[in-house]
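Read through the structure below, which is laid out as structure tokens, and then see the notes.
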Amino acid sequence: MKLISLVLILSFASFETHACAQHEAKDYLKNILWITEEHPPYNYSEPNGELSGISVDILSLVYRELGMELQRKTILNVPWARLFHNVKNYSQNAAFSMATTDERSKLFHLVALPFKAKVSIMVLKERQELLSQKKLNELNVAVVRRDMGHQLLELQKLPVNKALTINTNSMLKMLIKGRVDAIAYAEDTAIFELAKIADDQIVPIYELEGHALYNYAFNNDTPQCVIDLFSSILNDLDRNGVLSPIRDKYLHH
């Protein structure tokens, strides 16, 4: 009888601890300052200033599942370098969408979306034949500072001449104006963005990474119960077939 009572007490305590952890996790998520950047089609500003994109819509769904409403107007849209700095240094900050690298896995809690990012060195189609014949150390390649393309060039120690920019738009403009030979960036995003500012086409000539995932990134001091709750909701949405249609809607728009 004493053993049964002890089991019941421990089970009740475990339930209470779990309930408390979930309550604390929801409060934490409610007060997080979300940060993003211009990285379409995953996150970007519409002409009217409203934030849109795959990651924004999915984050709204996660909050809805938790019984909360995501206030899109409170999400900061900043250059990549500031996003990276803030999430690394401020515990109440979180960001999206951040592609996986070994460095980032050590610096942040990453909660992955089930979508892979293909990152390549790309050139304008009209210059493809000429530049494909060059060695990597002869190429001037624009990157967004601390973006995945920049990180992968560094990690793979590729001998290109890098030109650092602050965002996707400035990087693409350098390519269009002939100030660089190529860019290193996520293919879907580069193609999506280039179509908005020019009639040119870009093509990959060297793949950097084919298995990176896009993530919601949390500061390393974020409590584990927050990461677990957020991950469980995201995984449930994926298992229920909710996430892929959101991605398809943007990519086939």
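Condition first: open to solvent by less than 10 Å² (accessible area, probe 1.4 Å) and either more than 20 Å from Pro41 (Cα to Cα) or at pLDDT below 95 (or both). Now tell me which residues in the stretch 85-95 satisfy that.
Matches in the stretch 85-95: Val87 only.
Inspect the stretch 127-140 for any residue being within 27 Å of Val62 (Cα to Cα) and not in a helix (DSSP H, G or I) and give the result as yes or no.
Scanning the stretch 127-140, I find no residue that is within 27 Å of Val62 (Cα to Cα) and not in a helix (DSSP H, G or I), so the answer is no.
Output the residues belonging to the stretch 196-219 that are modelled with pLDDT under 85, outside any loop (DSSP other than H, G, I, E, B) and not aliphatic (A, V, I, L, M).
Those that are modelled with pLDDT under 85, outside any loop (DSSP other than H, G, I, E, B) and not aliphatic (A, V, I, L, M): Lys196, Glu209, Gly210, His211.
Quick check on my filter: what residues within the stretch 25-60 are open to solvent by less than 60 Å² (accessible area, probe 1.4 Å) and assigned to a helix (DSSP H, G or I)?
Within the stretch 25-60, Ala25, Tyr28, Leu29, Ile54, Ser55, Val56, Asp57, Ile58, Leu59, Ser60 qualify.
In the stretch 61-79, which residue that is in a helix (DSSP H, G or I) and open to solvent by less than 20 Å² (accessible area, probe 1.4 Å) is nearest to Met98 (Cα to Cα)?
For the stretch 61-79, the residue satisfying everything is Val62.
Which residues, taken from the stretch 220-246, are part of a helix (DSSP H, G or I) and open to solvent by less than 50 Å² (accessible area, probe 1.4 Å)?
Hits for the stretch 220-246 are Cys225, Val226, Ile227, Leu229, Phe230, Ser231, Ser232, Ile233, Leu234, Leu237, Leu243, Ile246.
(1) charged (D, E, K, R); (2) outside any strand (DSSP E or B); (3) open to solvent by 50 Å² or more (accessible area, probe 1.4 Å): which one isn't true of Glu193, the others all being true?
(3)
So for the stretch 201-208 (the condition being under 19 Å from Phe96 (Cβ atoms) and open to solvent by 50 Å² or more (accessible area, probe 1.4 Å)), does at least one residue qualify?
no
Give the residue, chosen from Lys135, Lys118, Lys106, that is more than 20 Å from Leu237 (Cα to Cα) and touching a residue at least 40 places away in the same chain (Cβ under 8 Å).
That would be Lys118, the only listed residue that is more than 20 Å from Leu237 (Cα to Cα) and touching a residue at least 40 places away in the same chain (Cβ under 8 Å).
How many residues does the stretch 102-131 hold that are touching a strand residue (DSSP E or B) at 6+ places or on another chain (Cβ under 7 Å) and open to solvent by 60 Å² or more (accessible area, probe 1.4 Å)?
Residues meeting the conditions: 4.
The values are calculated or read from the model by the stated rules, or taken from the named source; none is laboratory data. Worth saying up front: this structure is predicted, and the values here are computed from it rather than measured. Reconstructed Cβ throughout: ideal geometry from the backbone, glycine too, with neighbour counts over all protein chains shown. What goes into the accessible areas is simple: the full protein's heavy atoms, side chains included, and nothing from ligands, DNA or RNA. Shrake-Rupley method; radii C 1.70, N 1.55, O 1.52, S 1.80 Å.
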